[in-house]
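The values are calculated or read from the model by the stated rules, or taken from the named source; none is laboratory data. The shown structure was predicted, so the numbers you read here are calculated from the model rather than taken from an experiment. With ideal geometry, Cβ positions are generated from the backbone for all residues, glycine too; neighbour counts draw on all protein chains shown.
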Amino acid sequence: KLHTTHSPQFLGLNPYKGAWPASDFGKDIIVGVIDTGVWPESESFNDKGMTKIPSKWKGQLCQFENTNNSSLCNKKLIGARYFNKGFLAKYSNISRTIVNTTRDISGHGTHTSSIAAGRRVDDASFVGLANGTASGIAPLSRLAIYKVVWGKDEVVSDALAGIDAAISDGVDVLSMSLGYNRNVPLYEDAIAIATFAAMEKGVFVSASAGNEGPSFNTMSNGIPWVTTVAASTLDREFHGNLTLGNGVSLTGFSFYLGEFSASNFPIVFMGMCDNIKELIKVKSKIVVCEDKNGTFLNFVKLINNVGGAKLVGSVIITNISNTDEFQFSYALPSIIINPKDGEIVKDFIKRTSGSGSIAKMSFKITSLGAKPAPSVDFYSSRGPSKICPYVLKPDITGPGTSILAAWPTNIPVLDFNSYNFGYFKLFNKFKFATGTSMSCPHVAG
């Protein structure tokens, strides 16, 4: 089976030879994760078949639900601590709403932790996409979680306290998918100072470069003694297929999760689809729309019209390649194709008429082998580091685009409400996420 994060296979990890068996799948290495906490009930953190906790572990706390000795820790998740004194001092007006727990209420920490060290979980998928077996990079390692992020703001003193605790507890590796002020000199940077202490104790530190690319001088964590991780693509893509009445089949990007009829439908070209009243008249047909200007604002208007008209299906021609802009695709039976393939579709519609202008669509197709891959993705922050420009940064890249990993079951993987699309909320044990936050734990693992 494919690993649903796919990255272990993509990186050449083989369960029978090479780095995985040579390292015993990371057995007894303690990975500390500095993040938003963890969802301990996730199957990715089960301890079935694991041996006793190594004696080098000095941690004593498992902080969930207002207790220091929660039974939610096990031989996999061996420690869980929270740090929020800095956050509460800065935001004293909301202190009553903060629950003292390492439990993840955003999903970010659960996702990154399972990438680094999650156990093998069979039959994992994102509602049918990328179905297979999920596995972290070091599936037999131990996890220690340090929750230092509360809400959208990150207070550096809490991160400093978390790093110090991790060193004291005896972690071997630190994964930090977060960033602070990138303009502070090293001697004033609390994270630089804390990670220097980690380095002195032999702790390997992996930190995310940030998601503010592709411009230069945008990276965070440009610290010489930290491994700064950029983000790259996988060779995996998610598709829908459009088969025209003449048998020609075209493939385009689609995340549509619903069911769709295998029947042929009439297909029409409606230009830029800028008139929703006209779209409603043809809503029982597959409608082809063209984003001629290739600008985000025009694209959004086109999508809103398509959603509002409640078309049976749509084909959108655009040169926008950033798939993060296609979140609507989860709820809309649509396929996004490039202008070159768009010309084929438009020519077919032009040459046929009446009952001949038909097509059918299919969805939930996962394919491998996309090229070029890996390549540094557009969002990944670039160097050089402003605080230390004479050291080449980032150090390395890792898989960061559309990574499937564990997710809390009480936090929706999709949650949006718009006038045109209506309310759409979906829960799942695994979620796709994109960013250097995802590449960082790959390197940590």
In the range 337-355, residues that are under 18 Å from residue 268 (Cβ atoms) and modelled with pLDDT of 85 or more total 13
- Could we say that residue 424 is of a type in the set (Phe, Trp, Tyr), in the same structural domain as residue 345 (by TED's automatic domain parsing) and not in a loop (DSSP other than H, G, I, E, B) here? no
Among 221, 246, 293, 319, the single one that is under 30 Å from residue 377 (Cα atoms), part of a loop (DSSP other than H, G, I, E, B), of a type outside the set (Gly, Ala, Ser) and at pLDDT 90 or above is 221
Of the residues in the range 340-360 that are under 32 Å from the mean Cα position of the chain (by Cα) and in contact (Cβ under 8 Å) with a residue 40 or more places away in the chain, the one that is surrounded by the most Cβ atoms within 10 Å (Cβ to Cβ) is 342
Residue hits (the range 65-88; on the phi < 0 side of the Ramachandran plot and touching a Ser or Thr at 6+ places or on another chain (Cβ under 8 Å)) are 75, 80, 81, 82, 85, 86, 88
Note: among 261, 249, just one is in contact with a strand residue (DSSP E or B) (Cβ under 7 Å, 6 or more places away or on another chain) and loosely packed, with under 15 Cβ neighbours inside 10 Å, namely 249
Please verify whether residue 241 is assigned to a loop (DSSP other than H, G, I, E, B) and touching a strand residue (DSSP E or B) at 6+ places or on another chain (Cβ under 8 Å), treating the condition exactly as stated. no
Picking from 166, 198, 192, 138, the residue that is within 25 Å of residue 430 (Cα to Cα) and crowded, with 19+ Cβ neighbours inside 10 Å would be 138
Only one of 123, 153 is of a type outside the set (A, V, I, L, M, F, W, C) and either on the phi > 0 side of the Ramachandran plot or in contact with a Leu (Cβ under 7 Å, 6 or more places away or on another chain) (or both), namely 123
Cβ pairs under 7 Å, 6+ apart or interchain, first in the range 125-136 and over 13 Å from residue 258 (Cβ atoms), second basic (Lys, Arg) and part of a strand (DSSP E or B), ordered by first then second residue, are 126/431
Taking the range 1-49 and the residues there that are of a type in the set (Val, Ile, Thr) and surrounded by 24 or more Cβ atoms within 10 Å (Cβ to Cβ), the one that is modelled with the lowest pLDDT would be 4
Across the range 249-276, the tally of residues that are part of a loop (DSSP other than H, G, I, E, B), touching a residue at least 60 places away in the same chain (Cβ under 8 Å) and among the aliphatic types (A, V, I, L, M) stands at 2
